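The values are calculated or read from the model by the stated rules, or taken from the named source; none is laboratory data. Note that the coordinates shown come from a computational prediction; the quantities given were computed from them, not determined experimentally. Glycine gets a Cβ as well: all are built from the backbone with ideal geometry, and neighbour counts include every protein chain shown. The accessibility values were calculated without ligands, DNA or RNA, using every heavy atom of the protein model including side chains. Shrake-Rupley method; radii C 1.70, N 1.55, O 1.52, S 1.80 Å.
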Amino acid sequence: MSIAGKIAVVTGGSRGIGRAICLKLAAMGATVIVNYVGNQAAAEETAAAIRQQGGTAEVSRFNVADPAETEAALKKVQDDHGRIDILVNNAGITRDGLLMKMKDEQWDEVLNTNLKGAFTCIRAVSRVMMKQRWGRIINISSVIGFAGNAGQVNYAAAKAGMVGLTRSVAKELASRNITVNGVAPGYIVTDMTKDLPAEITEKIKAEIPLGTLGEADDVAAAVAYLAGEEARYVTGQFIHVNGGMFMG
Ligand code: NDP
């Protein structure tokens, strides 16, 4: 599954699932642009780990919820490397709360980061990918976007929105040999889920046929497949990496 010489941008590559994706794509031969927004040390750590395994990486700070900043950063990647081959829209946040108590800011922050951020990045790379007549766009959604979850109407709406975004862009860009797919993780052990109370984690585990929470590497493996040449005939699809908790 070689993607040697390809330029890959991973949003939110500094930690968790994004870091595992960065390491995997770099191990497959891509030069990886590790994006972060606040945690520079973590992003540098990801890049250092890639270099240690013999790969090539650089770090790029931009806030995906800020279109001007995002577009400028992605233009710089194009100017520096002459191309962008792979985009993984992984950056995401939660601002949980029950509907009745949810503030506009909680809704806007999650939609602007998780959904509009992906749209901005896709729009920014689409022209160069069309010119190249080769591209891979991979959107990290969530089981919550398919199944829903009490206390996460903002997050679920954003992650479900990524499904429509993925399928529509897949149809728009297919003629230029650009595939657009998604991965929908279940509960994966990262900073995002580490503070869940033990009893909630146990309840979640009980609903997972495979009986355990997933690892970031489980998600990275699905991304690796979609990024490679072997997936050339797959577009507009979602791979569910969730231990069987939702069978979509
Ligand atoms: P983490 O909280 O561990 O990491 C989030 C990453 O996103 C960090 O790299 C962070 O950067 C980056 N980020 C957050 N906001 C922005 C922004 N505005 N601009 C650029 N980067 C940003 O999350 P996970 O690894 O758990 O999740 C990764 C993705 O997978 C998310 O989209 C999440 O919704 C999804 N997911 C996760 C699941 C899980 O169980 N963990 C389940 C299903 C989906 P920084 O380090 O600078 O803060």
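Taking E69, is it free of Cβ contacts under 8 Å to residues at least 40 places away in the same chain, more than 21 Å from K131 (Cα to Cα), within 13 Å of the ligand (Cβ to nearest atom) and among the acidic types (D, E)? So E69 fits the description; yes. The residue of segment 71-95 that is farthest from the chain's Cα centre (by Cα), among those that are over 14 Å from S60 (Cβ atoms) and open to solvent by less than 20 Å² (accessible area, probe 1.4 Å), is D85.
To keep it simple, each residue is scored yes or no on (1) surrounded by fewer than 22 Cβ atoms within 10 Å (Cβ to Cβ); (2) under 24 Å from C22 (Cα atoms); (3) within 9 Å of the ligand (Cβ to nearest atom).
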residue: N181; (1), (2), (3): no, yes, no
residue: T193; (1), (2), (3): yes, yes, yes
residue: P197; (1), (2), (3): yes, no, no
residue: I200; (1), (2), (3): yes, no, no
residue: K203; (1), (2), (3): yes, no, no
residue: I208; (1), (2), (3): yes, no, no
residue: G211; (1), (2), (3): yes, no, no
residue: D218; (1), (2), (3): yes, yes, no
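Does at least one position in segment 6-17 carry a residue that is in a helix (DSSP H, G or I), closer than 26 Å to V143 by Cα and within 10 Å of the ligand (Cβ to nearest atom)? Give the steps one after another, and end with the answer.
At the first step, the residues of segment 6-17 found to be in a helix (DSSP H, G or I) are 16-17.
With closer than 26 Å to V143 by Cα added as a condition, the list becomes 16-17.
Now restrict to residues that are within 10 Å of the ligand (Cβ to nearest atom): 16-17.
So far as segment 6-17 goes, yes, one or more of its residues are in a helix (DSSP H, G or I), closer than 26 Å to V143 by Cα and within 10 Å of the ligand (Cβ to nearest atom).
One residue stands out among those in segment 220-248 that are outside any helix (DSSP H, G or I) and among the small types (G, A, S): the one that is most open to solvent (accessible area, probe 1.4 Å), which is G248. Just name the residue that is farthest from the ligand (Cβ to nearest atom) out of those in segment 35-63 that are among the β-branched types (V, I, T) and open to solvent by 10 Å² or more (accessible area, probe 1.4 Å). Selected residue: T56. Within segment 220-231, being hydrophobic (A, V, I, L, M, F, W, C) and away from the ligand (no atom under 15 Å from the Cβ) holds for A224, A227, A231. Note on segment 148-207: residues that are at positive phi and either among the basic types (K, R) or touching a residue at least 40 places away in the same chain (Cβ under 8 Å) (or both) total 2.
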